[in-house]
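Accompanying notes for the structure given below.
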Amino acid sequence: MASLPTSELFDGQARVWNHAFNFIKTVNLKCAVELGIPDVINKHKKPMNLTELLNALSISQDKSLALYRLMRILTHSKFFIEVKIHEEDNINDEKGYWLTPASRLLLKDEPLSMAPFILSMLQPDMINPWRNLGNWFRSGHPTQFSMDHGMTFWEYLGKEPMSTESFNEGIASDSRLVASVILKDCKQVFEGLKSLVDVAGGTGTLAKAIASAYPEMKCIVFDLPNVVDGLEGDQNLAYVGGSMFEAIPPADAVLLKWALQYWSDEECVKILEKCREAIPSKDKGGKVIIIGIVVGNENTDEKGLETQLFFDVLVMIRSTGRERTEEDWAKIFSGAGFSSYKITPALGLRSVIEVFP
C-alpha cells in the first residue's frame, strides 16, 4: 500500500468512506418524508428560508442548525434546490429551498407519490435483516430475511398486518406511477385484447387503471386468497383467489408486474408455463406482459445500472429470486415454451416485456 501514489491512496479512502456512510442518504430521505418537508414547501407555494421551514415544521429553535445540515445534504442529493425567494428583487439575494422533480414525487397528496414506497422499503423490519449479511453467507438459510425473522418474506407479511398494509401501499404507489406512463406511452401493448389477468396483482391498483382505460376489456386481479378476499370489483374488473403455481384464469393476456424477480429460474419457468396454458396462441393475440427490470438495458446509465443492482441485492435478501439480464430472461422464456419476446424500455429502470407463445 505504501507504494501507491498519494492521490490513489486518498481516492481509495474516499470511496471506502462514501460506501460506509451511504446509509446516511437513506435515513435522511426517510426523515424528509416523515417530517413532510416536501409537503410544507409545496404548501408555501414559494421557496422557504430556513426559519420559515423550521416554524412550519414546528421544530424547536435549538434544532435550527441540525435542520440546515439535513437540508444541505438533501440539496446536495438534488432533492431540493436553493433559489432566490424574490426573483423580481435585484437587491435582495435571500435564498430559500424549493422542490425538484425528485421531491415532487415525495408529496403525500401527489397521485404518483412515492412516499408510501419509501416508508414501506425503509420500515425497521425490512431494514434489520441487512445488518447480518456476512453471517448469512456462512449460514445454511435460503435467504437473509428468513434467517432474521424465522420465516419467509411472504409468510411474514401474512402474519404482520401493519407490515402488509405498508408493503401494499408502497407497491400500489408504484403501480399508479407505472399505470400513468404505460397507458399513455405503451398503448400498443393492450391493442386488440379483450381480456387480461393481472397475476400477483395485489389490491388491483394497476388492473383498475387498465380496466378504466379500456372499459370493453375484462380484467381479473389474481392473487392469493388472503390478499383478494373481501375486495370488490366492478363492471369489467373482478378479483379471483388462487395460486399461480397451480392454475391461472384464462385470458388473452397475462400481466406480471414485479412478480417474477422474487422466484428462482426454475420457479419462473413453472409460473410462465401456467401463463402459457391460460392464454391463446400467438396468432390469436395471446401473450404475457411482464413489467420488470432488464439489467443493463439500453436506456441504463451508470447510476441506473447501480440502482438495478441495488434491487437485485434487495431481492436476494428477501427471496431466492434475482433481477435478470436479457439473456437470463430469454432462457426462462425458452424453458417455458415461448417462441419469442419483445422488450420496450419505456419505464426508466424497468421495461415492458411482451412474451409470445
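When the range 8-43 is examined, which residues are found to be under 15 Å from Leu119 (Cα atoms) and of a type in the set (Gly, Ala, Ser)?
Correct list: Ala32, Gly36.
Can you tell me which residue within the range 188-201, out of those that are within 22 Å of the chain's Cα centre (by Cα) and either modelled with pLDDT under 90 or not in a loop (DSSP other than H, G, I, E, B) (or both), is surrounded by the fewest Cβ atoms within 10 Å (Cβ to Cβ)?
Val189
Just one of Leu255, Leu224 is under 25 Å from Tyr341 (Cβ atoms) and of a type outside the set (S, T, N, Q); which is it?
Only one candidate qualifies: Leu255.
Which of the residues spanning the range 41-55 are loosely packed, with under 15 Cβ neighbours inside 10 Å and of a type in the set (S, T, N, Q)?
Answer for the range 41-55, where residues must be loosely packed, with under 15 Cβ neighbours inside 10 Å and of a type in the set (S, T, N, Q): Asn49, Thr51, Asn55.
Which residues, counting only those in the range 76-97, are in contact (Cβ under 8 Å) with a residue 12 or more places away in the chain and either exposed (fewer than 12 other Cβ atoms within 10 Å of the Cβ) or out of contact with any Phe, Trp or Tyr (no Cβ under 7 Å at 6 or more places or on another chain) (or both)?
Applying the first criterion (in contact (Cβ under 8 Å) with a residue 12 or more places away in the chain) to the range 76-97 yields 77-85, 94-97.
Hits for the range 76-97 are Ser77, Lys78, Phe79, Lys84, Ile85, Glu94, Lys95, Gly96.
Which residue is farthest from Phe356 (Cα to Cα), if the candidates are limited to the range 202-221 and must be in a helix (DSSP H, G or I) and touching a strand residue (DSSP E or B) at 6+ places or on another chain (Cβ under 7 Å)? Steps first, answer last, please.
We begin by selecting, within the range 202-221, every residue in a helix (DSSP H, G or I); these are 205-213.
Those left that are additionally touching a strand residue (DSSP E or B) at 6+ places or on another chain (Cβ under 7 Å): 206-208, 210-211.
On the way: Leu206: 22, Ala207: 21, Lys208: 24, Ile210: 20, Ala211: 22 Å.
Top of the filtered list is Lys208.
When you go through (1) in a loop (DSSP other than H, G, I, E, B); (2) within 25 Å of Ile289 (Cβ to Cβ) one by one for Ser180, which number turns out not to apply?
Result: Ser180 fails condition (1) only.
Leu67 passes all but one of (1) within 27 Å of the chain's Cα centre (by Cα); (2) modelled with pLDDT of 95 or more; (3) under 21 Å from Lys108 (Cβ atoms); which number fails?
Here Leu67 meets the rest and fails (1).
So how many residues does the range 252-275 have that are under 19 Å from Gly286 (Cα atoms), within 24 Å of the chain's Cα centre (by Cα) and part of a helix (DSSP H, G or I)?
5
Which one of these is within 22 Å of Glu110 (Cβ to Cβ), at pLDDT 90 or above, of a type in the set (Val, Ile, Thr) and assigned to a helix (DSSP H, G or I): Val33, Val16?
Result of the check over Val33, Val16: Val33.
Regarding the range 230-251, can at least one residue be identified that is part of a helix (DSSP H, G or I), out of contact with any strand residue (DSSP E or B) (no Cβ under 9 Å at 6 or more places or on another chain) and closer than 24 Å to Lys284 by Cβ? I'd like the intermediate steps shown before the answer.
Step one: list which residues in the range 230-251 are part of a helix (DSSP H, G or I), which gives none.
Scanning the range 230-251 turns up no residue that is part of a helix (DSSP H, G or I), out of contact with any strand residue (DSSP E or B) (no Cβ under 9 Å at 6 or more places or on another chain) and closer than 24 Å to Lys284 by Cβ.
Residues are listed down the side, and each one gets a yes or a no for (1) closer than 21 Å to Arg322 by Cβ; (2) hydroxyl-bearing (Ser, Thr, Tyr); (3) part of a loop (DSSP other than H, G, I, E, B); (4) modelled with pLDDT of 90 or more:
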{"position": "Ser113", "(1), (2), (3), (4)": "no, yes, yes, yes"}
{"position": "His141", "(1), (2), (3), (4)": "yes, no, yes, yes"}
{"position": "Phe145", "(1), (2), (3), (4)": "yes, no, no, yes"}
{"position": "Asn168", "(1), (2), (3), (4)": "no, no, no, no"}
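From the list Val189, Val199, Val228, which residue is β-branched (Val, Ile, Thr), out of contact with any helix residue (DSSP H, G or I) (no Cβ under 6 Å at 6 or more places or on another chain) and more than 20 Å from Ile290 (Cβ to Cβ)? Break it down into steps so the answer makes sense when it comes.
Working: Val189 fails: more than 20 Å from Ile290 (Cβ to Cβ); Val199 fails: more than 20 Å from Ile290 (Cβ to Cβ).
The match here is Val228.
Can you confirm whether Met151 is in the same structural domain as Lys287 (by the TED database), hydrophobic (A, V, I, L, M, F, W, C) and surrounded by fewer than 17 Cβ atoms within 10 Å (Cβ to Cβ)?
Against the criterion (in the same structural domain as Lys287 (by the TED database), hydrophobic (A, V, I, L, M, F, W, C) and surrounded by fewer than 17 Cβ atoms within 10 Å (Cβ to Cβ)), Met151 qualifies.
The values are calculated or read from the model by the stated rules, or taken from the named source; none is laboratory data. Treat the numbers as computed from the prediction; the structure is a model and nothing was measured. Don't worry about glycine lacking a Cβ; one is built from the backbone with ideal geometry, like all the others, and counts go over all protein chains shown.
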